[in-house]
Amino acid sequence: MKLPRAAFAQFLSFDDENWTLLGKDTDSMSTSMNPDIETKQNVIGETTTDHKGFNPELAVDTYAARTEDAIYENLLDITMNRRSDDEHTTATLMECVLDEAVNLSDNKTLTGKAWKEKVTVVPQEYGGDNAAFGIPFNVTPKGGGREEGTVSVTKRVPTFTPGTGGGESPAALSEPAQTKTGSKSNLS
């Protein structure tokens, strides 16, 4: 079965409780994996590949500021006060592969796999054209671990349940120990 792009949902939160669904203002949004690969050929004609990992980055190039978004006040503060410290720029990204398009959660509960990790949020510019006040930003993992679990989404509000396979433990994410993260959501 071919999943629609809308089955891949990305949520951002600065408090791990109130989530904003990313992508409302764009028709294309991808995470660049930026692999660190080195290919060498030795003197006997063999080619070796050294894969040193990834440096992923999500570019949210068309974020239109909405006062009802859970991330709005934080983005405005980072942007207008030129914040660059961890306290202000650290957030949590939750990436979900759902069984159907996320907008269908308006009428039913969707389920799927999910991954959470601490990230750094860095606005790239602000202003834009006359359509909206834009604050495009990049999201980069902090490298403290990625926690795998499951998610249920109702009315575009995710509830994460940590899993036992793969990823890092919740302690690696510096979150209080709990079994579920309920939240309210705003759209971006």
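Pull out the extension gain between Lys24 and Ser84, defined as 0.36 nm times the separation in residues minus the alpha carbon to alpha carbon distance; nm, one decimal.
Numbers: separation 60, 0.36 × 60 = 21.60 nm, distance 2.59 nm.
That works out to 19.0 nm of additional length.
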Given the candidates Ala59, Ile71, Thr48, the one whose Cα lies deepest towards the positive end of the charge dipole of the stretch 47-86, counting +1 at each Lys or Arg C-beta and -1 at each Asp or Glu C-beta, is Thr48
Cα lying deepest toward the dipole's positive end in the chain, options Gly149, Leu93, Thr109, charges on Cβ: Thr109
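Got a sec? What order do Tyr63, Tyr72 fall in by accessible area at 1.4 Å, biggest, i.e. largest, first?
Values: Tyr63 5, Tyr72 30 Å².
Solvent-accessible surface, decreasing: Tyr72, Tyr63.
Rounded, prolate or oblate: pick one for the stretch 65-105, where a ≥ b ≥ c are the square roots of the eigenvalues of its C-alpha gyration tensor, a/c under 1.5 means rounded, and failing that, prolate if a/b is larger than b/c, else oblate. Walk me through the numbers on the way to the answer.
Numbers: a/c = 4.83, a/b = 2.00, b/c = 2.42.
Verdict is oblate for the stretch 65-105.
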Once every DSSP H run of n ≥ 4 in the chain is given -39500 (n - 2.57) and the sum is divided by its residues, what mean residue ellipticity at 222 nm do you get, rounded to the nearest 500 deg cm²/dmol? -1500 deg cm²/dmol
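Within the accessible area of the stretch 16-106, what % is carbon and sulfur when the probe is 1.4 Å and the other protein chains stay in place?
On the way: 2320 of 5280 Å².
Carbon and sulfur together cover 44 percent of it.
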Please state the equivalent ellipsoid semi-axes for the stretch 1-63: what are the square roots of 5 times the Cα gyration tensor eigenvalues, largest first, in whole Å? 37, 15, 11
Using only the Cα atoms of the chain, each taken as one equal point scatterer with no solvent, compute I(q) by the Debye sum, divide by I(0), and report log10 of the ratio at q = 0.08 Å⁻¹. -0.29
Charges at C-beta only: +1 for Lys and Arg, -1 for Asp and Glu. How large is the resulting dipole of the stretch 106-165 about its Cα centre, in Debye rounded to 20? 280 debye
Pseudo-spin-label distance Phe54 to Glu125, built 7 Å along Cα→Cβ, given in nm, is 2.8 nm
Per-residue ³J(HN,Hα) for the stretch 139-149, Karplus 6.51 cos²θ - 1.76 cosθ + 1.60, θ = phi - 60°, Hz, x for Gly and Pro: 10, 10, x, 7, x, x, x, 10, 9, 9, x
Springs between alpha-carbon atoms under 10 Å, Gaussian network over the chain: tell me which of Leu104, Leu21, Leu75 tops the mean-square fluctuations. Leu104
q = 0.26 Å⁻¹, the stretch 31-105: log10 I(q)/I(0) [Debye, one scatterer per Cα]: -1.26
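With only Lys, Arg, Asp and Glu charged, each at its Cβ (+1 for the first two, -1 for the last two), find how big the charge dipole of the chain is about the Cα centre; round to the nearest 20 debye. Show your work: numbers first, answer last.
Values: 18 positive and 29 negative charges, 104 e Å.
Charge dipole of the chain: 500 debye, to the nearest 20.
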accessible surface per residue for the chain, probe 1.4 Å, DNA/RNA/ligands not counted, whole Å² -> 56 Å²
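The values are calculated or read from the model by the stated rules, or taken from the named source; none is laboratory data. None of these values were measured; they are calculated from a predicted model. Cβ: placed from backbone, ideal geometry, glycine included. Neighbour counts: every protein chain shown. Please note that ligands, DNA and RNA were not included when accessible areas were found on the heavy atoms of the full protein model with its side chains. Shrake-Rupley method; radii C 1.70, N 1.55, O 1.52, S 1.80 Å.
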